[in-house]
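Written below as structure tokens is the structure these notes are about.
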Amino acid sequence: MQQIALDIGLRTPPTLDNYFPGPNAAALAHLQQLLPPHSDGEPANARRPDSAPTYVWGPEGSGKTHLLQAAMAGLRAQGHSLGYLDAETQEPADFDESWAAVVMDDVHLYGDALQHTAFSWFVQAHTLQRPVLAAGRPAPVDLALREDLRTRLGWGHVLGLQLLDEAQSRAVLRQVADARGLVLSDEVMDFTLRRFSRDLGSLMQLLDGLDRYALQTQRALTIPLVKSMLENA
């Protein structure tokens, strides 16, 4: 049976704490070290623990955007501003020296104009020893980008992500359900894992939706509840 992604518009904001690493523990640990807690009174951009860029790659649903968004949220919570670029950016800003970091998502989808901006941001960020955190689907060697940008994305920390296997997906569902006080039976878990994508984003959307819908309807978490939620989504 073909698995489908669940899109019901309910999501928990991504953080490093709610990223479930599975086989990607090394990538999570790297970002946790890259973004240590900010000390009160420390001036913006004072910490430069590692000026080498970080490039995260892997299949859709492996958590690349989650990690980037979590890193951005962590920096902003510390009062930092940053530059952000993705494939949907229409009018990218000029590089700002007040940025604490540069974040670039879905770089494999950049056209010529965005590649030009990305290269410019990269060079200026590196000159000022500001972290560059980027993500794309292929490994750096397979990126269909201008060569000077492709090689720069690949010379620092390169972190490949993997999708969760079924056992890890079950563990994530069980952990999240327990944390929310949801009683998730093996039958409901079997039903959902047969029908929905096991990528991290879909799993989190699924639990968010089930939690909200069970609360609204005052019903136990059963297979009929899951079906009813989908019919009313």
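The values are calculated or read from the model by the stated rules, or taken from the named source; none is laboratory data. On a predicted model such as this, the values are computed, not experimentally measured, just so you know. All Cβ positions, even for glycine, are placed from backbone atoms using ideal geometry, and neighbour counts span all protein chains on display.
Scanning region 1-27 for residues that are on the phi < 0 side of the Ramachandran plot, at pLDDT 55 or above and not in a loop (DSSP other than H, G, I, E, B) yields Pro23, Asn24, Ala25, Ala26, Ala27. Does Gly156 meet the test of being touching an Asp or Glu at 6+ places or on another chain (Cβ under 9 Å) and either surrounded by 14 or more Cβ atoms within 10 Å (Cβ to Cβ) or closer than 15 Å to Gly63 by Cα (or both)? In short, yes. Just one of the listed residues (Arg174, Arg194) is basic (Lys, Arg) and within 23 Å of the chain's Cα centre (by Cα), and it is Arg174. Here region 167-199 is the region considered, the condition is being part of a helix (DSSP H, G or I) and among the β-branched types (Val, Ile, Thr), and the residue that is surrounded by the fewest Cβ atoms within 10 Å (Cβ to Cβ) is Val172.
Taking residues in region 177-197 that are on the phi > 0 side of the Ramachandran plot, and partners anywhere that are in a helix (DSSP H, G or I) and not aromatic (Phe, Trp, Tyr), the pairs with Cβ atoms closer than 9 Å and at least 6 places apart or on different chains are Gly181/Asp211.
I'd like to know if region 60-78 contains one or more residues that are modelled with pLDDT under 95, more than 16 Å from the chain's Cα centre (by Cα) and crowded, with 18+ Cβ neighbours inside 10 Å. No, region 60-78 has no match at all. All conditions in (1) at pLDDT 95 or above; (2) not in a helix (DSSP H, G or I) hold for Leu164, with the sole exception of (1). Among the residues of region 28-45, how many are at pLDDT below 90 and under 19 Å from Phe122 (Cα atoms)? Residues in region 28-45 being at pLDDT below 90 and under 19 Å from Phe122 (Cα atoms): 3 in total. When region 139-149 is filtered for residues that are under 21 Å from the mean Cα position of the chain (by Cα) and buried (at least 16 other Cβ atoms within 10 Å of the Cβ), the ones remaining, listed by number, are Pro140, Leu143. The one condition from (1) modelled with pLDDT of 95 or more; (2) over 15 Å from the mean Cα position of the chain (by Cα) that Ser51 does not meet is (1).
Here Glu60 fulfils each of the conditions (1) over 20 Å from Gly154 (Cα atoms); (2) of a type in the set (D, E, K, R); (3) in a loop (DSSP other than H, G, I, E, B) apart from (1).
One residue stands out among those in region 92-148 that are small (Gly, Ala, Ser) and in a helix (DSSP H, G or I): the one that is nearest to Ser51 (Cα to Cα), which is Ala125. Pairs linking a residue in region 209-232 that is in the same structural domain as Arg174 (by TED's automatic domain parsing) to a residue that is exposed (fewer than 15 other Cβ atoms within 10 Å of the Cβ) and not in a helix (DSSP H, G or I), with Cβ atoms under 6 Å and 6 or more positions apart or on different chains, are Leu221/Val183; Leu225/Arg219.
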